[in-house]
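So the structure is just underneath, and the comments pick up after that.
The values are calculated or read from the model by the stated rules, or taken from the named source; none is laboratory data. As the structure is a computational prediction, the values presented were derived from the model and not from experiment. Here the Cβ positions follow ideal geometry from the backbone for every residue, glycine too, while neighbour counts run over all protein chains shown.
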Amino acid sequence: MRVNVIIPVFNRLEHTRKVLEALRSQTVFDALRIVVVNDGSTDGTAAYLQSQSDVIEIQGDGNLWWGGAIDEGLKHVLSSCQSDDYVLFLNNDTWFDDNFVETLVQVSKENGGAAVGSVIHEEGRDPPLVSIGPKVNLNRLAIWDLLSELSEKEKRSPASQYRVDALSGRGTLYPAHLFRKYGSMRPRLLPHYMADYEVAMRFSRAGVPLVVSSKAIIYSPPVYGNDTSRLSWRKRLFGKRSSHNLFQRLIFYSLTGSPVQRVTAPIRMAYFMGSRGILGTLNARLKNFAVSFVKARQLSKVKRQGVSVGRGVVFYGTPLLQRHAESEIRLGDRVVLCSDSRYTALALNHPVKLATIRAGSSITIGADSGISGATIVSAVQISIGSEVLMGANVAIFDTDFHPVRPEGRRHSDVDADIKTAPVHIGDNVFIGTNAVVLRGTEIGRDSVVAAGSIVRGKFPAGAIIAGNPAKVVGSAYGQTQELPAPLTDDRHEDSDI
């Protein structure tokens, strides 16, 4: 009996050294024939392999990929294989215990000449088991790992053997005669991903058991698996390095299953893509693009209106902006204005409205503040600090809009008749829903304004403010606070609310 080990490599010499050391430590090392298919490595792998007397090197031109490299290895070993020989597929970024190959051979014999795969443990993970083997639903074109069906208890103490629907190339043993009887790899159709699954499922259709032994453990460095998250959508869907390659999956499903399943694979694949997977990814990307486009247009429109916009400002819905030509509206970095009830827990009566109505007036909103459906109108100056939160439908005014006295109240074009005073709101203030903040108000940092309060006055830092008219009812710092000093500005004496 001989076990022909085929290892495709491309660079990563340190991994190749490690897997060869693991093979040389096997209890059945004398029965091993090690074939390394070096597909155009440029890191010294070729020189190293030539110095290893117990390794056969087959050289590729860099275009074999996994399926082509395995196929070249099979061509080399099958010509001299005996009826009781085996072929073992390995990746070079793996290592294993001394009885690994012996365990695979034993399990194959126990199961009547089965193809036997290994479980995968990830280095530094608890529990370490990250893969048992594929389950495949050819009707729904779905593939998942059997591991996902196990309880947490069984993941820590798995059964000795499992039956699977396919086998990966990351440590799988096959009786050599299967390749002579049922065919070898198909690198022109499946050069890389899915090639290992296809050959295993082809043998399974012929009645060969596909078994995974939990005693045959492949150890893998973090992170195990095929990470496609950093690939562009084109490379993810069409690149050879992607396990989500559209064409390779279509070919795979057209080669596996019953004749009806093969013929209908393209139609079913198109159907299922509409609700998950590839088209789902495309739909999500198109939706994200559309959202980004709308937000970009909103920002552009706001800037065209003369509003100063910091970095990372976000609009949910379109705010209403009314800026006097000789006034200023300034939004700090990462300010969020929410004008659409779909994006907030509370219903908004209207979009955020920012209005400067006189020459020289200004509204300034500090960095990292969040405002939902508020109305902020300035005739002189409204200054809002950083990290301020405003609940739904807050109103802030620094003007009475009309004179308080009856004469000329309805129609007044004389600014001097309308009382105004700046509003200042400190950093990290939280203003509850439907609160109204009137002219001349100063709210110290870290304060909280209760929902529905009517606020006018000067309030110290950390004050909890509530009521109509609002007063200090507590401290956000957990200390007793004195009432704020009364306003002394004579502009307010005849118009208190």
Residue count for the range 37-76, restricted to those that are aromatic (F, W, Y) and touching a residue at least 60 places away in the same chain (Cβ under 8 Å): 2
Only one residue in V291, V302 is among the aliphatic types (A, V, I, L, M) and either in the same structural domain as Q322 (by TED's automatic domain parsing) or modelled with pLDDT of 80 or more (or both). Which one? V302
Given the criteria acidic (D, E), over 38 Å from the mean Cα position of the chain (by Cα) and in the same structural domain as V448 (by TED's automatic domain parsing), does D427 qualify? no
Mind counting the residues in the range 419-465 that are assigned to a loop (DSSP other than H, G, I, E, B), β-branched (V, I, T) and touching a Ser or Thr at 6+ places or on another chain (Cβ under 6 Å)? 1
Hey, among D196, D165, which residue is part of a helix (DSSP H, G or I) and either closer than 20 Å to A69 by Cβ or touching a strand residue (DSSP E or B) at 6+ places or on another chain (Cβ under 6 Å) (or both)? D196
Within the range 451-463, does at least one residue satisfy the condition of being farther than 20 Å from S383 by Cα and at pLDDT 90 or above? yes
Being charged (D, E, K, R) and not in a strand (DSSP E or B) is the filter here, so list the residues in the range 84-139 that pass it. D84, D85, D93, D97, D98, E102, K109, E110, E123, R125, D126
Here are P127, P134: which of them is of a type outside the set (K, R) and at pLDDT 95 or above? P134
Take the conditions touching a Lys or Arg at 6+ places or on another chain (Cβ under 8 Å), small (G, A, S) and at pLDDT 95 or above and apply them to G444. Does it pass? no
Give me the residue from the range 139-161 that is surrounded by fewer than 20 Cβ atoms within 10 Å (Cβ to Cβ) and hydrophobic (A, V, I, L, M, F, W, C) and, out of that set, farthest from the chain's Cα centre (by Cα). A159
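This table checks each residue for (1) of a type in the set (S, T, Y); (2) surrounded by 15 or more Cβ atoms within 10 Å (Cβ to Cβ); (3) at pLDDT 80 or above.
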site	(1), (2), (3)
K235	no, yes, no
G257	no, yes, yes
R262	no, no, yes
F272	no, yes, no
All conditions in (1) of a type in the set (F, W, Y); (2) within 16 Å of R456 (Cα to Cα); (3) touching a Phe, Trp or Tyr at 6+ places or on another chain (Cβ under 8 Å) are true of F397 except (3)
Among the residues of the range 330-345, what is the count of those that are under 21 Å from F397 (Cβ atoms) and surrounded by fewer than 19 Cβ atoms within 10 Å (Cβ to Cβ)? 1
Would you confirm, using the coordinates I've provided, whether Q59 is in a loop (DSSP other than H, G, I, E, B) and modelled with pLDDT of 95 or more? no
What single numbered condition from (1) in contact with a strand residue (DSSP E or B) (Cβ under 8 Å, 6 or more places away or on another chain); (2) farther than 28 Å from L246 by Cα fails to hold for L150? (1)
Just wondering, is there one or more residues in the range 28-47 that are among the hydrophobic types (A, V, I, L, M, F, W, C), farther than 26 Å from I217 by Cβ and touching a strand residue (DSSP E or B) at 6+ places or on another chain (Cβ under 9 Å)? yes
Quickly run through the range 77-108 and pick out the residues that are free of Cβ contacts under 8 Å to residues at least 24 places away in the same chain and surrounded by 14 or more Cβ atoms within 10 Å (Cβ to Cβ). Q106
